[in-house]
Amino acid sequence: IGSWSQVYSLPTVAVNLVLLRDNKVLFYEDGNTPTVWDYVNSVFYPVTTNANLFCSGHASLADGRILMVGGYGGDSSHIGIADAEIFDPGNNSFTTAPSMSYRRWYPTATTLGDGRVLVTAGWQTTEHSNAGIPEIYDPTPNSWTKLAAANNPFETYPFMYLLPNGNVVHVGGSEYPTITESLNVVAQTWTTIDPRAIDGGSSSMYLPNKIVKAGSASDSQQSGPSSNTTYVIDLTQDAPLWQQTPPMTF
């Protein structure tokens, strides 16, 4: 059922890729390569930005603009940057937003139910100098707020999902396996859901409150071969825990 398109040659590596409105996507590798792709008409539009977006985080705002946070500083003393850029698909242009309080390389940005964006993790000055204090961007006043009481310095590109109750769950990360815990954004408190560090180098919320993770994160740290294991968790249960499911073929 269905069919595949022809093969397309992209002008850069799509390290970050986000769906825009009107049958277009924005992708980039670093600050020199942002590109809008009109995939219906097979047209690429290069765009310019003021920050090095290499391994930044991104999230959609309610009006269709895209917030990019963090990126690469390019030197050994400050590998993360605190920059924030907003892309407007209406005119294919970036504007500079106020900077975050912390430098972040490999952060995750998560859109909240009220339209604000939660930013977590990211290396600051050296590898593993994790920015543990989350920050929230509010597009209405165009400003940032630190969640100082929610300090939790977990590793890079964490998998963060908004739950129906307004909390945000952290189920792992692209670099290291971690425990599963949820953040009450209002109270700025973390609650452990599953204390086991169940590995999974990718994840997805396939239904509300239900998440799958697969493969392994340890491969990127050169600690051994990758894995074909899969797990699911149902956060509607009274005491939710990851349950192992049949393995992938590869």
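Checked against (1) closer than 19 Å to Leu112 by Cβ; (2) under 18 Å from the mean Cα position of the chain (by Cα), Glu155 passes all but condition (1). Of the set (1) of a type outside the set (A, V, I, L, M, F, W, C); (2) assigned to a loop (DSSP other than H, G, I, E, B); (3) under 23 Å from Asp234 (Cα atoms), all apply to Tyr161 but (2). Checked against (1) open to solvent by less than 40 Å² (accessible area, probe 1.4 Å); (2) within 29 Å of Ile133 (Cβ to Cβ); (3) of a type outside the set (Asp, Glu); (4) modelled with pLDDT of 95 or more, Ala214 passes all but a single condition, namely (2).
With respect to being modelled with pLDDT under 95 and buried (at least 17 other Cβ atoms within 10 Å of the Cβ), Ser203 falls outside the description.
Looking across segment 76-103, the residues that are farther than 15 Å from Gly31 by Cα and either in contact with a His (Cβ under 9 Å, 6 or more places away or on another chain) or of a type outside the set (S, T, N, Q) (or both) come down to His78, Asp88, Pro89, Gly90, Ala97, Pro98, Met100, Tyr102, Arg103.
Could you count how many residues in segment 117-131 are touching a strand residue (DSSP E or B) at 6+ places or on another chain (Cβ under 9 Å) and farther than 20 Å from Glu85 by Cβ? Qualifying residue count for the region: 5.
The rows are residues; the columns are (1) open to solvent by less than 30 Å² (accessible area, probe 1.4 Å); (2) farther than 24 Å from His78 by Cα.
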position: Thr108; (1), (2): yes, no
position: Trp123; (1), (2): yes, no
position: Asn142; (1), (2): no, yes
position: Thr145; (1), (2): no, no
position: Asn151; (1), (2): no, no
position: Met160; (1), (2): yes, yes
position: Gly166; (1), (2): no, yes
position: Ile179; (1), (2): no, yes
position: Val186; (1), (2): no, yes
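The values are calculated or read from the model by the stated rules, or taken from the named source; none is laboratory data. Here the structure is a predicted model, which is why all the values come from computation and not from measurement. Cβ atoms come from the backbone with ideal geometry, glycine included; neighbour counts cover every protein chain shown. For accessibility, only protein heavy atoms count, side chains too; no ligands or nucleic acids. Shrake-Rupley method; radii C 1.70, N 1.55, O 1.52, S 1.80 Å.
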